[in-house]
Structures are given as structure tokens and as C-alpha cells.
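First up is the structure itself, then whatever we jot down about it.
The values are calculated or read from the model by the stated rules, or taken from the named source; none is laboratory data. Because the structure is predicted, anything quoted here is derived from the model rather than measured. Cβ: placed from backbone, ideal geometry, glycine included. Neighbour counts: every protein chain shown. Only protein heavy atoms, including side chains, enter the accessible area calculation; ligands, DNA and RNA are left aside. Shrake-Rupley method; radii C 1.70, N 1.55, O 1.52, S 1.80 Å.
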Amino acid sequence: MKRHLLSTADLSRDDAVLILDTAEEIARLAARPIKKLPTLRGRTVVNLFFEDSTRTRTSFEVAAKRLSADVINFSAKGSSVSKGESLKDTALTLEAMGADAVVVRHSASGAAYRLANAGWSSSHVVNAGDGTHEHPTQALLDAFTMRRHLGGFDGRRVTVVGDVLHSRVARSNVRLLATLGARVTLVAPPTLLPVGVESWPCDVSYDLDAAIPGSDAIMMLRVQRERMNGGFFPTQREYSRRYGLDAQRMAKLPDKAIVMHPGPMVRGMEISAAVADSDRSVIVEQVANGVSVRMAVLYLLLSGSESAIGSDEGQAQGHAQGQGQGQNQHQNTEPKGAAA
């Protein structure tokens, strides 16, 4: 992996599979009595959120704490940012405090890239969503969920439906799933498709009913009204009729197809309550998988032990460190090489 995780376009197939395999190993710990690992003890992870968030910020916080990192939650509201402090000054402050990793969410597309490459900080940077650009860990947890249910990606068809124009989730998923070998179809009204979408590695359709029968997974996107400054569709009812997923449409999916949503959902518009709560829905599972995937990302970025995963040397290092720090209770709950 590279030093930062800014975009799924930066991930090779091997990088993506490494993250998913590491997350799978970490996920096995969730059922054990001791979930916490000593892997990142002494490291500091800062959640730097300039936009409101519940799922992503909390998920990163839980992930870092389960790896024994110290966590600082920084919100723009009530901070010096609300007094006019710039991103640069905030980054310099965090650098002075010794942050090892910065998880950043910002309303401006490219903010995470700027933070990582401007020379303001030596921290690892993880993009937790920048404007309408990318949200790489969401795409990774979506891929992790799909792989668990579908077995693999080659030849699989994934349909992404809704507000593609404003969706960083759609952009990240299209790039990652194409890298992994899946075929993605975007379904949306013409007004909610971005300029240049024809150059993306995916198919485009305006007809949801035509796309449903061939889908192995269908992902409904949130309509992001807070980013809209005009009329992108006539009414909520019209949008739901053309692009909402209800029980009637769900019945046309193949037998083993799954229903996904990055959240938060607008029930009754993008997706009906019956579909969201059905056996086909893996929406709650996506949230749980997010912790494992984000633990894997932080672990791989901060531990520097990619090559030790699954190796006898990595296990030996973990065993030695556990004894030296009196952490014998963790030896049987670490991923291979986690203490390297």
C-alpha cells in the first residue's frame, strides 16, 4: 500500500485484496471475548471532520480504539475552524501534537489530497469523504460485504442507483469494483449523472427495471438534497416511482442477489421499509463490516507490516512483543503479524 489512502483509483488489485483479506482476518476477532489488539499502542489517530458524520466518524473511532491507538475527535464546529482557521493551520497544529494518522472528511473535493501532499504534515492521511469526489473506505467495506455474500467479483454485476452526481460513494465503488473485476451499471435520471460519466469504467442506464434482473448486488444511493441547488427531479413521489426500490422490484432480483445502501437511508423514497428490513438487505451488516475494514486500513498504514501478514516471522514478532509487554491475553486474538 501507499503512504495514504486518498482514492480507490490509487489501489491496485493486489492492494485491494490485501485490505479485504486483512479485514477478513480481523473480523474473526469480533466474536471473541477480547476484541482489542495492542497493535497500534502509542500511536495517535485524529478524526478531523469538517462535515457532520455519525457512521463514518464513529466507525473510525471504534476501529482505532480496538487497535489500542489514542484517538482524538476533532470537529469543525466549536473549534478554531469556526473562527476562521485554515486547513493548513489545523494540519500544522496536529503535526505539532504528533498525530500519526489523520482521518479527514471535508466538504471540498481534493481536500484530503491537499492535506497529504502540501508538506504540512508527516501523518498518514485517510480520506473519509471529500466533497463529491471519493470515499474509499466506504467502497472497501461495500466490496468486503459483497465478497462475503457473492464469493468473488469476476463476472459479477453490480447496479448502483440514484444520485450519482453528488455521490462520492458511487465514484469510489465504480473504480474499486472495476479494479476487482466486477461489471458496474449506474442507473439514474439524466439530471443526476455527472458530466463525463461515459468515460468511467461502467455502463449507464436510465431504466432501473431493465437493470434489476441481471444484478448480483444492487446499491441504492442517498439523494443528497443538501448539495442540490435546483430541481433535479419533479417530486419525491416521481423519483420513488422511477428509481426507488420496493418489494415488487426486489422480487425481480436473482435469488442470491443482495440489497445495499451506504446510509443514511430516506425510507419510502430511495428504498421502501419492507426492502430495507428484508432478508436480502445487508445494510446493517455493511456498518459492522466498516469497523473491520477500517481497522485493516489503519493497521496496514501504521504498522508497516504488510509483508508479515500470514508469515511465521510476523507471528513470532507478535508473540515476543506480547510477552515483553505483558499482553499474553492478546496473543491468541491478533491477526498474523499484527504486533510487528
Practice task
Using label points projected 7 Å from each Cα along Cα→Cβ, tell me how many nm separate VAL197 and ALA31, to one decimal.
Solution key: 4.1
Handout entry: Shape box of segment 1-48 [Cα atoms, principal axes, largest first, Å]
Key = 37, 25, 16
Completion exercise
With every protein chain in place, the accessible area of ASP130 for a 1.4 Å probe, in Å² rounded to the nearest 10, comes to 0
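Which value, in Å³ per residue, describes the convex hull spanned by the Cα atoms of segment 62-201?
Working: hull volume 20.4 nm³, N = 140.
Residue-normalised Cα hull volume stands at 146 Å³.
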Practice task
Report, to the nearest whole %, how much of the accessible area of segment 1-124 belongs to carbon and sulfur atoms, 1.4 Å probe, protein only.
Solution key: 48
Practice task
Provide the per residue accessible area, probe 1.4 Å, for segment 85-133, rounded to a whole number of square angstrom.
Solution key: 39
Practice task
Starting from the Cα of TYR206, step 7 Å along the direction of its Cβ; do the same at ASP246; then give the gap between the two resulting points in nm.
Solution key: 2.2
Practice task
Mind giving me the nanometre distance, one decimal, between the label points for GLN236 and ASP14, set 7 Å out from Cα along Cα→Cβ?
Solution key: 5.0
Fill in the blank from the handout: Ordering HIS106, HIS133 by the accessible surface of their heavy atoms, 1.4 Å probe, largest first, yields HIS133, HIS106
Exercise for the section: Compute, for TYR299, the solvent-accessible surface of its heavy atoms (probe 1.4 Å) with the complete set of protein chains present, and express it in square angstrom to the nearest 10. Expected result: 0
Fill in the blank from the handout: The Cα extents of segment 123-271 along the principal axes, largest first and rounded to whole Å, are 42, 41, 28
Handout entry: Straight-distance crosslink candidates among aspartates and glutamates, where the alpha carbon sits under 15 Å from LYS256 and sequence neighbours closer than 8 are dropped
Key = ASP216, ASP279
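Past the 31 Å Cα-Cα mark, which pairs from LYS35/LYS252; LYS2/LYS65; LYS2/LYS88? Before the final figure, lay out the partial values.
Details: LYS35/LYS252 40 Å; LYS2/LYS65 23 Å; LYS2/LYS88 22 Å.
Those over the limit are LYS35/LYS252.
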Fill in the blank from the handout: Once normalised by the length of segment 116-178, the mean sequence separation of its alpha carbon contacts under 8 Å that are 6 or more apart gives a contact order in percent of 40
